[in-house]
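Remarks on the structure that follows.
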Amino acid sequence: VASIRCNDFENTILGIAPSTRYQGSKRKILPWIWQAVKEIEFQSVLDVFGGTGCVSYLFKRAGKKVTFNDHLKFNYLSGHALIENDDILLADDEIARLTAPLSRRKSGFVTRTFKGIYFTDTENRWIDTSISRIWELSGDESILSFKRAIAFHALFQTCLVKRPFNLFHRANLYLRQADVERGFGNKATWEKRFAIHFKAFLQEAQKCVFPGLQKCFATNCDALMIPRTNFDLVYLDPPYLRAACQNETADYLSCYHFLEGLARYAEWPLLIENSANRFSLKLALDTRWNELGENTAVFDAVFEKFRNSIIVMSYKKYGSPSIATLKRLLERHGRKVSIRTRHYSYALNQQNGSATLNRECLLIAE
Ligand SMILES: C[S@@+](CC[C@H](N)C(=O)[O-])C[C@H]1O[C@@H](n2cnc3c(N)ncnc32)[C@H](O)[C@@H]1O
């Protein structure tokens, strides 16, 4: 079945969308997003800040012509594996090679550079070996890129589930290893071996691949540099900032630099910053989306860029800019704006101090 278009679509989608552990992921509220947009007439849709790709996946399942985008390469690889990919799967013998027990645990860049930082020595060697195995897959290049992307996607999910808070912004391997009662985290998940998680994520990803009713794509561009603009609907889910807060988890490169490094393994040694935070990556990304006072201008620029499309935007109450400001900006572009809100408790952190203060908003600008 190419896509699911039944009355119960909202509920079905949660059972079939790829699982994610990502800051700001909209996976849990996909049914609510679908309810808000399902009456709108549109065929083509651009997911500008695609992240895990779960919103793109919702639209692909709904039969839309989806373009997934994210400026981080590791997210692009997930988009390539799950959104752009219609039917290329890893064969059984390839899965067997990728998941075979490690005979010669070779050390590599991760083992040498990240000793004691995020994972144990054995896990670091497992990661280095997996990367070489992914690159050793062979075959026709057009097919291979999808197979490798599925394997990378599974590797990223594996690394995420083994991290405290599913983030890489702190060197806190000790949180996993300390022999204390914990009020957070999942000891069973942390203790399960990388190889077991990896195999499960490979199988899950393979099940998520399906041919869309229309051809779908994945791109790896900055929001304001996406070459095409002729989409019926543009979905925006930018980093969320709050006034007078550190907003450190809105900086996706600093939270996930390790996954971005895995996605750029060959150039990783050249990309590591020689600074106080020696693991951050030197990438020329537009950081204005993460900076208070700077982000209003880029919101305005993106509204102008996609002036001919219906805009649907996720943001939260108590953010900066405020929902009222965002609405006003859209109205200045001649838009009629409607707003929906709902309560949402975040698994990863409680940015507004209390879960009851988290209100997810959807601005629909036609
Ligand atoms: C809130 S998350 C999106 C979450 C996504 N909707 C999901 O459900 O998984 C924001 C995403 O925007 C991406 N991003 C940040 N600045 C960007 C830019 N200038 N251009 C493109 N993507 C950007 C980040 O890498 C991050 O994945």
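The values are calculated or read from the model by the stated rules, or taken from the named source; none is laboratory data. Predicted model only: the values in this text are computed from it and were never measured. Reconstructed Cβ throughout: ideal geometry from the backbone, glycine too, with neighbour counts over all protein chains shown. To get the accessible areas, we keep the full protein, side chains included, count just its heavy atoms, and leave off ligands, DNA and RNA. Shrake-Rupley method; radii C 1.70, N 1.55, O 1.52, S 1.80 Å.
Things to note:
- Any hit, the stretch 101-118, residues being of a type in the set (A, V, I, L, M), open to solvent by 10 Å² or more (accessible area, probe 1.4 Å) and farther than 30 Å from PHE42 by Cβ: yes
- Among the residues making up the stretch 218-230, those that are within 15 Å of the ligand (Cβ to nearest atom) and not in a helix (DSSP H, G or I) are ALA218, THR219, ASN220, CYS221, ASP222, ILE226, PRO227, ARG228, THR229.
- Every pair of residues 6+ apart whose Cβ atoms lie under 8 Å, when the first sits in the stretch 259-276 and is farther than 14 Å from SER132 by Cα while the second is modelled with pLDDT under 95 and open to solvent by 70 Å² or more (accessible area, probe 1.4 Å): LEU271/LYS282; ILE272/ARG278; ILE272/LYS282; GLU273/LYS282
- Per-region count, the stretch 281-302, residues touching a residue at least 60 places away in the same chain (Cβ under 8 Å), crowded, with 16+ Cβ neighbours inside 10 Å and either in contact with a strand residue (DSSP E or B) (Cβ under 8 Å, 6 or more places away or on another chain) or among the small types (Gly, Ala, Ser) (or both): 1
- Count of the stretch 287-308 residues which are part of a loop (DSSP other than H, G, I, E, B), at pLDDT 95 or above and within 16 Å of the ligand (Cβ to nearest atom): 1
- Taking the stretch 202-217 as the range and being open to solvent by 70 Å² or more (accessible area, probe 1.4 Å) and not hydrophobic (A, V, I, L, M, F, W, C) as the test, the residues that pass are GLN203, LYS207, LYS215.
- Applying the set (1) surrounded by fewer than 18 Cβ atoms within 10 Å (Cβ to Cβ); (2) farther than 16 Å from VAL48 by Cα to TYR265 leaves exactly one unmet item: (1).
- Hits in the stretch 64-81 (condition: touching a Ser or Thr at 6+ places or on another chain (Cβ under 8 Å), open to solvent by 10 Å² or more (accessible area, probe 1.4 Å) and part of a helix (DSSP H, G or I)): TYR76, HIS80
- Count of the stretch 29-45 residues, restricted to those that are crowded, with 16+ Cβ neighbours inside 10 Å and basic (Lys, Arg), is 0.
- Qualifying residue in the stretch 231-253 (condition: surrounded by 13 or more Cβ atoms within 10 Å (Cβ to Cβ), out of contact with any strand residue (DSSP E or B) (no Cβ under 6 Å at 6 or more places or on another chain), more than 23 Å from THR67 (Cβ to Cβ) and free of Cβ contacts under 8 Å to residues at least 24 places away in the same chain): no
- Here VAL55 meets the list (1) over 21 Å from THR249 (Cβ atoms); (2) aliphatic (A, V, I, L, M); (3) not in a loop (DSSP other than H, G, I, E, B) almost entirely, failing just condition (1).
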